[in-house]
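This report concerns only the one structure given below.
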Amino acid sequence: MTTRDIQLYDIHLSAPSGWVDQTIVMFQGPPAAADGYAPKFLVSRHPRTPQTNLQMFAAGVAERFAKRLEEFEILENRPYRLHEHAAHLLSFRFQGPQGQVTQYQILVPGLHDTVLSISAAALSSEFQAYEDTFNGLLASIRLPLDPP
């Protein structure tokens, strides 16, 4: 069996050949209220065929969310730049168990025919209060071809 070494934080493992890396990195902030929704910042990796551009990928994401999220509404759906990389921004809101949630996803090509989905989410009524934190996290991201 062929393997590929992967280093994640303090974990090192060898993934079997043919297995897809769908690593998720998630940070969760403290909720504004004890029983409130905790703001989240998430980076996930998804496979993408070479013929699927970011706009097509975003359309598929929006279609899946529209089917499973209550009161799903797209706020923005447009090309975007993440550092020097072409990307796509999809922002939306939906009704969650704890109230209306606003979320954005920035989709950027990853290595090995993948898309990195960078998401930030908070209750709509609190989203603006977390924007500086979300923007700081977004600014700290370094992609493989970014200068140091």
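The values are calculated or read from the model by the stated rules, or taken from the named source; none is laboratory data. Given the structure is predicted, the values throughout are model-derived calculations rather than measurements. When we count neighbours, we look across all protein chains shown, and the Cβ atoms used for this are built from the backbone with ideal geometry, even at glycine.
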Revision key, fill the gap. Picked from the stretch 42-94 (must be touching a Ser or Thr at 6+ places or on another chain (Cβ under 8 Å) and hydroxyl-bearing (Ser, Thr, Tyr)), the residue nearest to Gly29 (Cα to Cα) is Ser44
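Give the stretch 113-141 a look and list any residue that's free of Cβ contacts under 8 Å to residues at least 12 places away in the same chain and either not charged (D, E, K, R) or not in a helix (DSSP H, G or I) (or both), or say none.
Filtering the stretch 113-141 for residues free of Cβ contacts under 8 Å to residues at least 12 places away in the same chain gives 128, 131-132, 135-136, 139-140.
Residues satisfying the conditions are Gln128, Asn135, Gly136, Ala139, Ser140.
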Point to revise | Looking only at the stretch 120-148, and only at residues there that are surrounded by fewer than 18 Cβ atoms within 10 Å (Cβ to Cβ) and within 30 Å of Gln51 (Cβ to Cβ), the one that is farthest from the chain's Cα centre (by Cα) | key: Pro147
Practice item. Being polar (S, T, N, Q), assigned to a strand (DSSP E or B) and free of Cβ contacts under 8 Å to residues at least 60 places away in the same chain is the filter here, so list the residues in the stretch 30-82 that pass it. Key: Asn77
Review point. If you check Gly99, Gly60, Gly36, which single one turns out to be in contact with a strand residue (DSSP E or B) (Cβ under 9 Å, 6 or more places away or on another chain) and either modelled with pLDDT of 90 or more or loosely packed, with under 14 Cβ neighbours inside 10 Å (or both)?
Key: Gly99
